[in-house]
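Asks: Got a structure for you, questions after.
Every number here is computed from the coordinates shown, using simple stated rules; none is lab data. Keep in mind the model is a prediction, meaning the values are calculated, not measured. Note that each Cβ is placed from the backbone with ideal geometry, even for glycine, and that neighbours are counted across all protein chains shown.
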């Protein structure tokens, strides 16, 4: 079985995401640690979204899309992106990280990391659906990191 691990020194899986990473409280992207990347990986993709937004706004809210992350990346420092990686457009209609911003109650945020057998050829303003369509049939493995955030 192929394993891929995504962790954060800022919060435990299933734990509370610190306030400074929230959209209205600093909007810093959290530090991430990546390990056990499969040998044949050509690039990594990270998608952060909020499935709990479905109840409040009628859709899964996209907070961060990052692709062409080099496969040798082991750490993504706070408020940065790996060299040569590309950020896409969020549901805030912005390029780059958009932190948690639940409109009603505590929400669960999901950071999904995909190991791909290709690099993506997408424009900078691409969306989650553009990325998801491009990675079909190219995912070697995937993992996720979840955190909670309350308004």
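Asks: For segment 50-93, with equal point scatterers placed on the C-alpha atoms only and solvent neglected, what are the log10 I(q)/I(0) values from the Debye formula at q = 0.15, 0.20, 0.32 1/Å, to two decimals?
Replies: Those come out to -0.50, -0.72, -1.10, one per q.
Asks: Expected output is a single nm value to one decimal: the length gained when fully extending between residue 118 and residue 79, i.e. 0.36 nm times separation in residues minus the C-alpha distance. What is it?
Replies: Gain on extension, residue 118 to residue 79, equals 11.4 nm.
Asks: For a Förster distance of 30 Å, can you work out the FRET efficiency between the beta-carbons of residue 20 and residue 137, rounded to the nearest 0.05?
Replies: In this case the efficiency is close to 0.20.
Asks: If I take R0 = 22 Å and measure r between the Cβ atoms of residue 94 and residue 42 in this structure, what FRET efficiency does the formula 1/(1 + (r/R0)^6) give, to the nearest 0.05?
Replies: Values: r = 28 Å, r/R0 = 1.25.
It comes to 0.20.
Asks: Can you figure out the FRET efficiency of residue 105 with residue 7, using R₀ = 22 Å and their beta-carbon distance, to the nearest 0.05? Walk me through the intermediate numbers first.
Replies: Working: r = 26 Å, r/R0 = 1.18.
After rounding, the FRET efficiency stands at 0.25.
Asks: Counting only DSSP beta bridges with both residues in the chain, what percent are antiparallel, rounded to the nearest 5?
Replies: 95 percent
Asks: Where the centre of each part is set by its Cα atoms, how far does segment 34-67 sit from segment 90-151, in angstrom?
Replies: Taking the Cα centre of segment 90-151 as reference, the centre of segment 34-67 is 3 Å away.
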